[in-house]
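The values are calculated or read from the model by the stated rules, or taken from the named source; none is laboratory data. Computed from a prediction, not measured in an experiment: that's the story for all the values here. Cβ placement follows ideal geometry from the backbone for every residue including glycine, while neighbour counts extend to all protein chains displayed. We work out accessible area using only protein heavy atoms, side chains counted, and drop any ligands, DNA or RNA first. Shrake-Rupley method; radii C 1.70, N 1.55, O 1.52, S 1.80 Å.
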Amino acid sequence: MELRHLRYFIAVAEELHFARAAKRLHIEQSPLSRAIKDLEYDLDVRLFERTTRSTRLTWAGQVFLDEAQRVLFTLQQAKANVKAAAAGFRGSLRIALSDGVALPKLAALFARCREEDPEIEIRLFEVTLAQQLKGLRSDLYDVGFAHLAEVSEGINAQPAWRDPLVIAVPPRHPLLAHPRISIEELLRYPLVLCHRESCEGCHQQIKRILRTAEVEPIVAEHVSTFDLMMTLVAAGFGLSFANESHVATCRHPGVVTRPIEGNQVLVTTYLLRLAADPSEPLQRFIDRVITPKKGDPRELA
C-alpha cells in the first residue's frame, strides 16, 4: 500500500463518482479504478458498492475513510513540525475554528501569543463543529473555538467571550424607523440564516432566540459564510442576525444594523478541549483566553 492509494481512495470516497475523482486527481479513470481494486485486494475487503448507476461506501469503507484521512493528516502534521523546527519553533498549538468565531477577538489573542510565546507556532484549521470534535478526540487539534457548549462526554467547553447580537437590515428598510427591533417585528420578514452544517453552534444559539417568539420564521436562504449572508441582506433577500464584532470588521456598505429590543442578546464563544491535563503551552494559551490583557477587545465581553 502506498500513500497514493490513500489519496485515490479518499477522492473516490468523497466524490462517490470515479470520473469526478479522476478529474480531481488529474489522472485517467482506468488507473484510478485499478488502484482501488489493488487496495481492496491488499486489505481483503470491499470498500465500495458499485453499480452502473451509483457508487457508495461499504461500512468497512467508511471506517477506512476515517483512518486514511487521519494518516494523511498526520503526515501533513509531521511535515509542518519539521518545517517549524527548522524555522526555530520549539512547539506548536493546533487550533480549530468553527462557526465563524469573532475575528477581532482572535487577532488580539493570537498577537498576545506571538508576543509572550514566540517559540510556539500557532496553526489554524477552519473546520465544521463535527470535524472539530472528532479532531479533538483523535489528537488532530489541541484546542478549538465554537459557539456550542452542548458537546459530547470527554470534551470540556469553557466560555471564552460573548458578543452582542444585532439585526442586519438593508438600507431604506421600514424597520430602520425603529432604534431597536423586536424579535416579533423581525419575524414579519424573510430571514437569511447560517447553514446548520457549516455553523452548527451559531445556528443552535439563534434557533433558541427565535423560539422565544410564537411565530414560525420565514427562511429565504441558508448560507455557509458571513460575507454571503451580508451580500444577500444588502440585496434585499431578507434580514439576518450578526455578531457586533463581525459587523465592525467586515463593514458592508449595503447593510445597516440595529440592536435587538429588550435585554441585550449575547452569543457565547466557547473554548473546547479534551477533558485531560493540558500541556504547558496549552495551559498558557487557556490562561490568555480566560484572562485577557487590558485593552484586549475580549476584556469588555
Compactness of the stretch 74-186 as Cα Rg over 2.2 N^0.38 Å, two decimals: 1.44
Accessible area of the stretch 208-294 divided out per residue, in Å², using a probe of 1.4 angstrom: 57
Nearest-0.05 FRET efficiency for Ser224 and Glu261, computed from C-beta distance (R0 35 Å): 0.75
Per-bin percent of Cα-Cα distances, the stretch 1-69 [5 Å]: 3, 19, 32, 30, 14, 2
Where labels lie 7 Å past Cα in the beta-carbon direction, separation of Cys250 and Arg123 in nm: 2.6
Simple label model, 7 Å out from Cα along Cβ direction - Asp287 to Tyr41, nm: 5.9
Extension gain, Val82 back to Ala213 (0.36 nm per residue minus Cα-Cα distance, nm): 41.8 nm
Extension reserve of the Glu153-His178 stretch, reckoned as 0.36 nm per residue once the Cα distance is removed: 4.6 nm
Within the chain, longest stretch clear of exposed trypsin sites (Lys or Arg not before Pro) (DSSP loop, no more than 10 other Cβ within 10 Å): 54-171
With every protein chain in place, the chain: carbon and sulfur % of accessible area (1.4 Å): 51
Residues of the stretch 45-76 with amide N under 13 Å of the 7 Å Cα→Cβ point at His5: 45-47, 68
Between 0 and 90°, nearest 10: helix 29-43 axis offset from the chain longest Cα axis: 80
Leu16 versus Thr58: modelled label distance in nm, points set 7 Å from Cα along the beta carbon direction: 1.8
MRE, 222 nm, helices only [DSSP H, n ≥ 4, -39500 (n - 2.57), over the chain, to nearest 500]: -13000 deg cm²/dmol
